[in-house]
Structures are given as structure tokens and as C-alpha cells.
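In what follows, a structure is listed as C-alpha cells, so that the remarks can point back to it.
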Amino acid sequence: MPPPSAPDCYRVPTTPSSGEFRDRGSKFVAVLRPVRSEAEALAVVEEQRLAHPKCNHHCYAYRIGPGTDRWRANDDGEPSGTAGKPILGQIDKEGLSDLIIVVSRYFGGTKLGTSGLITAYREAARLSLLETVLAERVLTSPILLEFGYALMTPVMGALSQLGLEMADQEFTERARIKLEVRQSEREATVKELKAAIAGVYLAEVHDTFVVEGLTVSLPG
């Protein structure tokens, strides 16, 4: 099993890859694609149907996002539980998300039986996972700053000091800046910002600390 990620990270593949497994004349061709939505995942399935028109089965599994509720495993006509779940099992063994694996089967004339199919789909998926490059995707949360122009210099100085980049900005009657920071660091970052903008020690910033002229919002 891979080492656990931080609470605001999850592991993802960053490159497409493929794998091939053969058993008694049958060939199982697996492709792995990084995806960010169910629509993207299903488009890969259709892509493989077109790429392998002689195959009657294009079985697949995918997971999307950091949670555990956006997934699907499809046997595409193979006996129930012999294809999609073994593919998904390999994805989960590596602790990955934001990907789909499609395995297209070329029938070789000999039936493999339930156990043979499970092994073949599992191995094809495993081989495709060996070839991809993995990374961690960081989950972020926004911080919104609204302030008068008298605070422009201290705000910009604080951003520079803390190494924070603006995700969005609007300068009208008041200045509005949006930041994106790691979820696990958002509360600490707000305190550091207030201290830097106000020019006080971090220990002086408590939960009700207010910088005059500055509004800080934390959208959900």
C-alpha cells in the first residue's frame, strides 16, 4: 500500500499509459488516462471502442476527486464482478483517483472461466499502472481580502513576505483580492496575514483580532 497522503492531498496519475496481458490466446489491452470528470472518463471508453472495434468487451473502472463516492466499475457484458471490480481494485490498491482504466478484450477462442477473467483484467490494469507517473494533487480553499487603498502597501508587503500569489483581483472603490491556499493551512495563513498587515507579532493575533479597514472572508 502507498503511504497515506496529507489530509488535503490525494494521489493522481499525471501521464497516460498502457499495459497488455495475454492468456490462452486472449489479449487484454489496458489504457490508463488521467481524467477530472465522469464525462471525460466515459469519453475515454468510447475512444477505446473505436480504437478496438474487434473487441466485444471494453471493461473499465474510474475514480474522480478526493472522496470515495465518485466511482464506477463496469463489466461490459463479462460475467458480473469479473472485470470492472478487479480493475477498480488495482486503482484502490495504489490509492489513486482522477483516472480511468479501460481494458479491451480480444477473445482467443478459449474460455478463461471466472477466475481466469478476474486475473486477466486485474493484471492488465496493474501493468498499465506501472507505466504512469504519479503525483499529489493539493486541495485548496479561498481567502478573500477586501480593503481600502490606504492598506494597499501593507497588504502587498504581507503577500510578498508570506510568498502568497493572487488568484484573482479587482480594484474598484475598494480593493478585492482572492487567494487560494492549502486547506490545512487556511486558518494559520489568515492569522499570519493579519499579523503582517497590522505589523504586530503573530502571538498578538487572536480569533477576534481585527485589522482596521480590512475584511477577511472564508467561503466554504
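Since every read-out is calculated from the coordinates, none of them should be taken as a lab result. Treat the numbers as computed from the prediction; the structure is a model and nothing was measured. Quick reminder, even Gly has a Cβ in these numbers, built from the backbone with ideal geometry, and neighbours come from all protein chains shown.
For the chain, with a Gaussian network of springs between Cα atoms less than 10 Å apart, report the residue from Thr153, Thr119, Thr15 with the top mean-square fluctuation.
Highest fluctuation of the listed residues: Thr153.
Please list the non-local residues whose amide H lies under 5 Å from the amide H of Cys9, H modeled 1.01 Å from N, same-chain partners needing a gap of 5 or more.
Those qualifying (amide H under 5 Å, at least 5 residues apart or on another chain) are Leu139.
What share of Cα pairs, in percent, lie more than 12 angstrom apart in region 161-202?
Result for the distance tail: 66 percent.
Taking amide hydrogens as modeled 1.01 Å from N in the peptide plane, which residues meet the under 5 Å criterion relative to Ile100, leaving out close sequence neighbours?
Arg33, Val35
What does the helix-only formula give at 222 nm for the chain: each DSSP H stretch with n ≥ 4 adding -39500 (n - 2.57), the total divided by the residues, and the result rounded to the nearest 500 deg cm²/dmol?
That calculation yields -9500 deg cm²/dmol at 222 nm.
Counting other C-beta atoms within 10 Å, and keeping those with at most 16, which DSSP coil GluC sites (Glu not before Pro) do you find in region 166-197?
In loop regions of region 166-197 (DSSP not H, G, I, E or B), the sparsely surrounded GluC sites (Glu not before Pro) are Glu173.
Calculate one ³J(HN,Hα) per residue across region 194-205 by plugging θ = phi - 60° into the Karplus curve 6.51 cos²θ - 1.76 cosθ + 1.60, and present them in order as whole Hz with x for glycine and proline.
Karplus-based 3J(HN,Hα) across region 194-205 equals 4, 5, 5, 5, 7, x, 10, 6, 4, 5, 7, 8 Hz.
Take the alpha carbon gyration tensor of region 1-157, find the square roots of its eigenvalues, order them as a ≥ b ≥ c, and report rounded if a/c is under 1.5; if not, report prolate when a/b exceeds b/c, else oblate. Provide the component values of the computation, followed by the final result.
Working: a/c = 3.25, a/b = 2.71, b/c = 1.20.
Because a/c hits 1.5 or more and a/b exceeds b/c, region 1-157 counts as prolate.
Gaussian network model of the chain, Cα springs within a sub-10 Å range: biggest mean-square fluctuation belongs to which of Leu112, Leu179, Leu202?
Among Leu112, Leu179, Leu202, the largest GNM mean-square fluctuation belongs to Leu202.
I need the GluC sites (Glu not before Pro) found in region 25-133, filtered to DSSP loop residues with at most 14 other beta carbons within 10 Å of theirs.
Glu131
For region 5-86, what does the convex hull of the Cα positions come to per residue, in cubic angstrom?
Dividing the Cα hull volume of region 5-86 by its residues yields 116 Å³.
What do you get for Rg/Rh over region 122-203 if you use C-alpha atoms and the Kirkwood form of Rh?
1.26
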